């Protein structure tokens, strides 16, 4: 039998299960049992939430690596390569390791059907066991209670900021969504709540489950603004040194620091700034500079995330004008995302994604912008054309903010990487 490549496996997985998303633990747990993957023998941090999961995981990964712990990290979705989802010691694992894991899963599952995400989750657990990692950090894909990651009992559960997103799956209010996220909590296990205003249902769930300790942002740990855009965090009784306000939100940094502290991992004051400087995940306020022009890429795909992105861009303003390249999925609250951006952009360059059936068309996005009173709108047939048109009006010192979805960033980032003189930088 000819051995399949990773690309061939991924293509197969996309059509293997009748539904792209099917929440529930029975199928994936049965295959995990067949592979003897549970219980996990090392400490586990599971991270759920609407916004801030990726940043929190990235900081945890940096802290664990800086302490000498060999960490296995599982995230989703990826931006450019599937391998981004599974990392050991801060390095993406190889195609060969992932393919070997897929083969074992396929053999063990028998007639049990698994989704793409369930295959990926089991593959991560197999790789981490083979590599003998010392700690696992697992990012929940959707919700928490019925997400495949939840077959693993976490040592520490982290719940980041909860906002409205994926309402068709999780509910149409913050309490309903909080109950789904709270599904990763366990009796007698620690919970770190990084939402500055947690829904009442989240705290109720923690009490009902019997999770302990329950550590909350603003009470057990937190931060306060400092001078010249800096901030200072507090983890228990420890006061952190003043840190510059970068692309990582203080609430997510502090949540990661608190979770790491529960594992016995503490970064020295002098070590912390350098660790955080390299902790930024791809596509979260990621800055590129080319020919004196700035490109700020962010996967923000709900109103709350757009608001945080705009706050960061405003705090770190450019010398020239700020314009946007905006492409979004049709099932998102496009009008609310536009409202969250306010008047931050002098012009909007919008595009559909013809190869993505979930994406809104450029015409529909433009109609929402016109309805919101935005007059400077350019509509393109695809992301490449939108980027070229935006670049045509940019001058030295200008900034283009690319946002709206993971696939938007994934479509534009390779064009910047292969363009002349493009460099990834920090604001």
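The values are calculated or read from the model by the stated rules, or taken from the named source; none is laboratory data. As the structure is a prediction and not an experimental result, all values here were calculated from the model. Using ideal geometry, Cβ is built from the backbone for each residue, glycine included, and neighbour counts are taken over all protein chains shown.
Go through the range 58-91 and report how many residues are in a strand (DSSP E or B) and under 18 Å from residue 410 (Cα atoms). Counting residues in the range 58-91 that are in a strand (DSSP E or B) and under 18 Å from residue 410 (Cα atoms) gives 1. Comparison of 212, 227 shows that the only residue that is out of contact with any strand residue (DSSP E or B) (no Cβ under 9 Å at 6 or more places or on another chain), in the same structural domain as residue 154 (by TED's automatic domain parsing) and either surrounded by fewer than 21 Cβ atoms within 10 Å (Cβ to Cβ) or under 23 Å from residue 312 (Cβ atoms) (or both) is 227. Only residues that are within 24 Å of the chain's Cα centre (by Cα) and part of a loop (DSSP other than H, G, I, E, B) were counted across the range 355-381, and they come to 5. No other residue among 265, 253, 214 is at pLDDT 95 or above and within 22 Å of residue 298 (Cα to Cα) apart from 253. Evaluated against (1) part of a helix (DSSP H, G or I); (2) more than 30 Å from residue 190 (Cβ to Cβ); (3) touching a helix residue (DSSP H, G or I) at 6+ places or on another chain (Cβ under 7 Å), residue 314 falls short on exactly one condition, (3).
Of all the numbered requirements in (1) part of a loop (DSSP other than H, G, I, E, B); (2) under 22 Å from the mean Cα position of the chain (by Cα), residue 265 misses one, and that requirement is (2). Please verify whether residue 320 is crowded, with 16+ Cβ neighbours inside 10 Å, under 30 Å from residue 274 (Cα atoms) and either at pLDDT 95 or above or assigned by TED's automatic domain parsing to the domain that holds residue 164 (or both), treating the condition exactly as stated. Taking the combined requirement at face value, the residue satisfies it.
Take residue 315 and decide whether it is buried (at least 19 other Cβ atoms within 10 Å of the Cβ) and either assigned by TED's automatic domain parsing to the domain that holds residue 250 or touching a residue at least 12 places away in the same chain (Cβ under 8 Å) (or both). Here the answer is no, as residue 315 does not meet what is asked.
Only one of 158, 127 is in contact with a helix residue (DSSP H, G or I) (Cβ under 6 Å, 6 or more places away or on another chain), surrounded by fewer than 22 Cβ atoms within 10 Å (Cβ to Cβ) and within 20 Å of residue 87 (Cα to Cα); which? Only one candidate qualifies: 127. In the range 83-109, of all residues being within 19 Å of residue 31 (Cβ to Cβ) and in contact (Cβ under 8 Å) with a residue 60 or more places away in the chain, the one that is surrounded by the most Cβ atoms within 10 Å (Cβ to Cβ) corresponds to 105. Residues that are in contact with a strand residue (DSSP E or B) (Cβ under 6 Å, 6 or more places away or on another chain) and either assigned to a helix (DSSP H, G or I) or at pLDDT 95 or above (or both) within the range 20-57 comprise 42, 43, 44, 45, 46, 47, 48, 53, 56, 57, listed in sequence order.
Any residue at all in the range 93-100 that is more than 17 Å from residue 61 (Cα to Cα) and in a loop (DSSP other than H, G, I, E, B)?
Yes, the range 93-100 contains at least one residue that is more than 17 Å from residue 61 (Cα to Cα) and in a loop (DSSP other than H, G, I, E, B).
The condition (being at pLDDT 95 or above and surrounded by fewer than 19 Cβ atoms within 10 Å (Cβ to Cβ)) is satisfied by just one residue among 351, 339, 359, 390: 339. Residues of the range 190-233 that are more than 21 Å from residue 50 (Cα to Cα) and either in contact with a helix residue (DSSP H, G or I) (Cβ under 6 Å, 6 or more places away or on another chain) or assigned to a strand (DSSP E or B) (or both): 224, 225, 230, 231, 232, 233.
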